[in-house]
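Q: Dropping the structure in here first, questions after.
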Ligand code: TXA
Ligand code: MG
């Protein structure tokens, strides 16, 4: 008997790193075979510079429908179409406003997704019934070589099961999607670690619908003032009314154990976090902490012994790109422990910090403390 969604998954290793030329990969057998799978309507998980994507031919409504089944994703949450060259955009959008041209020129290939008026060739299954389509050119040689060899725009959400953290390593994809996709291309860990910035380019001013790998500050250097959709900042609540990006409506990933996010600046932040962990532990909780390297150094200097807590280190507070690269791995790691309470350290919101805090706030649901 065929079980719905049961597929024989092949895992193929492709060694390449972000920044490498995709030309040399174009003849690589795993890429060519994976491209054939896409052309036949199958599903291929592949690395991008942000997180792994779960790809299908974005112009094939049946193949796109299979993505939603494999992920367990609500049908009205639209997908991003991934392209490998500037020329490919004209087939899928009705119009490319000047501000979108400037942003694409400045940041593609890269972690920026542009929401544009959709062309009729794009199935409404791909766009969740919307009249707009999200497009991005990823900066990963494996992704670019695969899309190029497939010869079609590749629809790809993050390659996690709905409700799980986005995958930043092939092992995360295997954990969530084994038996649900034909191919997983293993290109090693992704670089950026948080998803692309989604920018609505259909109005007079660009609006950030999801903060991500390209910062607001970097966008503003190119196109002047960029707005942030109010739902992004009010991420404690799941909006009940209409939203500009359907992804905002859904309960995002939350760790198995309830999480508290502590915001503020050192040293008060470190004192508060340490006190909280000690209080929880006294109450019999098994405490898991997701913290910066600076906090660990603070403990060392204060001769605080943290060995009774489970600790995962996100990286340095002064290098937000390090923290972005690690947060999803840290959240998955905490889920694998028998933890009953999670404490997460907040970081400054500047630059990549906006995307990091957006993901941490969602993971902490309603529980955010300020020092
Ligand atoms: O970095 C990324 O963006 C990764 C990699 C694989 O490219 N992809 C990714 O896809 O994060 P996904 O499906 O997990 O998130 C796409 C987000 C969702 O929040 C969705 O609601 C929003 O983009 N989106 C897609 N199409 C849209 C549209 N036409 N209008 C508004 N929002 C849209
Ligand atoms: Mg996702």
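Q: Among the listed residues 179, 151, which satisfies the condition of being surrounded by fewer than 24 Cβ atoms within 10 Å (Cβ to Cβ) and in contact with a helix residue (DSSP H, G or I) (Cβ under 8 Å, 6 or more places away or on another chain)? Reasoning before the result, please.
A: On the way: 179 fails: in contact with a helix residue (DSSP H, G or I) (Cβ under 8 Å, 6 or more places away or on another chain).
Within the list 179, 151, the selection yields 151.
Q: Identify, from the list 210, 136, the residue that is more than 26 Å from residue 34 (Cα to Cα) and touching a strand residue (DSSP E or B) at 6+ places or on another chain (Cβ under 6 Å). Spell out how you get there, then give the answer.
A: Working: 136 fails: more than 26 Å from residue 34 (Cα to Cα).
Only one candidate passes the filter, namely 210.
Q: So which of 207, 152 ends up being within 19 Å of residue 43 (Cβ to Cβ) and more than 16 Å from ligand 2 (Cβ to nearest atom)? Before the answer, list the steps.
A: Working: 207 fails: within 19 Å of residue 43 (Cβ to Cβ).
Only one candidate qualifies: 152.
Q: Counting just the residues of region 113-128 that are in a strand (DSSP E or B) and away from ligand 2 (no atom under 16 Å from the Cβ), which one comes out surrounded by the most Cβ atoms within 10 Å (Cβ to Cβ)? Don't jump to the end; show me each part of the working.
A: Residues of region 113-128 that are in a strand (DSSP E or B), as a first pass: 113-118.
Subset that is away from ligand 2 (no atom under 16 Å from the Cβ): 114, 116-118.
On the way: 114: 30, 116: 24, 117: 14, 118: 23.
Taking the candidates together, the pick is 114.
Q: Can you pull out every residue in region 74-85 that is under 15 Å from the mean Cα position of the chain (by Cα) and within 14 Å of ligand 2 (Cβ to nearest atom)?
A: Residues of region 74-85 that are under 15 Å from the mean Cα position of the chain (by Cα), as a first pass: 77-82.
Within region 74-85, 77, 78, 79, 80, 82 qualify.
Q: What are the pairs, 6+ residues apart or on separate chains, where a residue within region 146-172 that is not assigned by TED's automatic domain parsing to the domain that holds residue 186 has its Cβ under 6 Å from a residue that is more than 15 Å from ligand 2 (Cβ to nearest atom)?
A: As it stands, the answer is none, since no pair meets every condition given.
Q: Moving on. Give 371, 312, 303 a once-over and let me know the one that is modelled with pLDDT under 95 and farther than 17 Å from residue 51 by Cα. Don't jump to the end; show me each part of the working.
A: On the way: 312 fails: modelled with pLDDT under 95; 303 fails: modelled with pLDDT under 95.
That would be 371, the only listed residue that is modelled with pLDDT under 95 and farther than 17 Å from residue 51 by Cα.
Q: Please specify each residue of region 174-204 satisfying the condition of being within 16 Å of ligand 2 (Cβ to nearest atom), over 30 Å from residue 95 (Cβ atoms) and assigned to a strand (DSSP E or B).
A: Matches in region 174-204: none.
The values are calculated or read from the model by the stated rules, or taken from the named source; none is laboratory data. None of these values were measured; they are calculated from a predicted model. So basically every Cβ, Gly included, is an ideal-geometry build from the backbone, and we count neighbours across all protein chains shown.
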